[in-house]
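Quick notes on the structure that follows.
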Amino acid sequence: MSRLVTYFGAILSTIGLLASCTSSPAFNELQFIGSHNSYKQAIDPALLGQIAASSSALAASLDYSHPPLNKQLDLGLRKLELDILDDPIGGLYQTPLGLKRIASPSFYSSESMLTPGFKVMHVQDIDFRSHCQLFSQCLANLRAWSDANPKHFPIVITINAKDDAIEQPEFVRPLPFNADSWNRLDLAIRAALENKLFTPDDLRGSHSSLYSAIQAGWPSLNTLRGKFIFVLDHSGPKLETYIEGHTALRNRAMFVNAMEGTPEAAIRIVNDPTEQFDYIQSLVTQGYVVRTRADADTVEARTGETKRRTSAFSSGAQIISTDYYQEKNQFGTNYNVRFSKGIIARCNPVASKEDCEFSY
């Protein structure tokens, strides 16, 4: 495949066409970049200062933010991450403790938090600012962007379902996720995105399991254009209750982070590309799609260290997650995670023998 010619690629991308390749590689033969905790707005400086007084390390790890979801998609990201908390009655997160501790609270709509349904935030009571506080708002924003860009590169959405309690006075205790939560979550995703989803049923087809389906091969990029792929990022009891009664994820809206070789296994989440480099490469060569992280807890952005980023790209993980996809970061280092200017995806260095780039 020929390399992208920048001038003509820019023209083609404006009309939504494949910019660099004459054929369409399989989805697992690609590599692309996405954001971590994509909804997150910055913590109010006064509140961050209070957190730092108790734990400077915690404050440092929380000191990052992102633009709205549609702006990230405009920048070329094709993987987003949403953290959700269950609130079926509404009002559980109306007044975070952090709002009571700062003089001029902003960027938080207490009224909207009365709405029943899943809420989107990082940590209850301290890191609660979100570009879309309601999960339904996030989905509506994604739908609107997709409708305006119907031939877009497939977008992966990872979901973290949060119910961990913080054992401190006045902190809200989240509700646990159970079978009813998962059913409502699936319904919300399907209702918002309708025919734009690529689900486990779509991948499995006539195969008995997702594992056997990926051995036969992933769909092509062109087949998946305009689609969303949701992945539940959990193991243990949450994974088990989501799968229960849905062997091989039949009738489920989301893929899951199931162990390789199981009927539900197709997409794996392996966070450390340095320590788990060989493991990621093994998964990729077996046909799995893998998401990893190029950085974590603001460490790489503060130091400029690129070892983890290099490992992430070289590992062949198809999805590289980062907090630093723009040219400059707030810490003044040169650390970022980007392809060449205007490129949103490329052929995978491990899963593909081709050399290609995509700008749309």
On the formula 1/(1 + (r/R0)^6), with r taken between the Cβ atoms of residue 171 and residue 251 and R0 of 30 Å, the FRET efficiency rounded to 0.05 is 0.25
If each of residue 56 and residue 327 carries a label point 7 Å out from its Cα toward its Cβ, how far apart are those two points in nm? 3.3
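Rank-order 144-151, 200-207 by packing density, defined as the average count of other C-beta atoms within 10 Å over each peptide's residues, highest first. Write out the running numbers ahead of the final one.
On the way: 144-151: 13.6, 200-207: 16.0.
Highest to lowest by the protection proxy: 200-207, 144-151.
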The extension gain from residue 148 to residue 354, computed as 0.36 nm times the residue separation minus the Cα-Cα distance, is 71.1 nm
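Provide the per residue accessible area, probe 1.4 Å, for segment 235-360, rounded to a whole number of square angstrom. Write out the running numbers ahead of the final one.
Values: 5400 Å² over 126 residues.
Value returned for segment 235-360: 43 Å² of accessible area per residue.
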Please work out how much length the chain gains when fully extended from residue 278 to residue 305, using 0.36 nm per residue of separation minus the C-alpha to C-alpha distance, in nm with one decimal. 7.6 nm
Over segment 56-198, give the accessible area per residue in Å² for a 1.4 Å probe, as an integer. 41
Using a Gaussian network model on the chain with a 10 Å cutoff between Cα atoms, which of 279, 108, 39 fluctuates the most? 279
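How much length is gained if the chain between residue 314 and residue 260 is pulled fully straight, taking 0.36 nm per residue apart and subtracting their Cα-Cα distance, in nm to one decimal?
Details: separation 54, 0.36 × 54 = 19.44 nm, distance 2.09 nm.
Difference between extended and current length: 17.4 nm.
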Value of Rg to Rh for the chain (Rh from inverse mean 1/r over Cα pairs, i.e. Kirkwood): 0.95
Would you mind putting 45-55, 88-98, 74-84 in packing order, based on average other-beta-carbon counts within 10 Å, highest first? 74-84, 88-98, 45-55
Inter-centroid distance (Cα atoms) of segment 72-93 relative to segment 188-209, Å: 20
Extent of segment 26-183 along each principal axis, from alpha carbon coordinates, in Å, largest to smallest? 50, 35, 26
Report residue 123's accessible area, 1.4 Å probe, all protein chains in place, as a number in Å² to the nearest 10. 30
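So what is the 222 nm mean residue ellipticity for the chain from helices alone, if each DSSP H run of at least 4 adds -39500 (n - 2.57) and you divide by all residues, rounding to the nearest 500 deg cm²/dmol?
Numbers: 13 runs with 108 residues, N = 360.
So the calculated ellipticity at 222 nm is -8000 deg cm²/dmol.
Cross-link list 119/162; 151/227; 151/353; 162/227; 40/162; 71/341: which exceed 19 angstrom alpha carbon to alpha carbon?
Where the Cα-Cα span goes over 19 Å, the pairs concerned are 151/353; 162/227.
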Within the accessible area of the chain (1.4 Å probe), percent carbon and sulfur: 51
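The values are calculated or read from the model by the stated rules, or taken from the named source; none is laboratory data. Note that the structure is predicted; figures quoted are calculated from it, not measured. Using ideal geometry, Cβ is built from the backbone for each residue, glycine included, and neighbour counts are taken over all protein chains shown. SASA here: full protein model, heavy atoms, side chains in, ligands and nucleic acids out. Shrake-Rupley method; radii C 1.70, N 1.55, O 1.52, S 1.80 Å.
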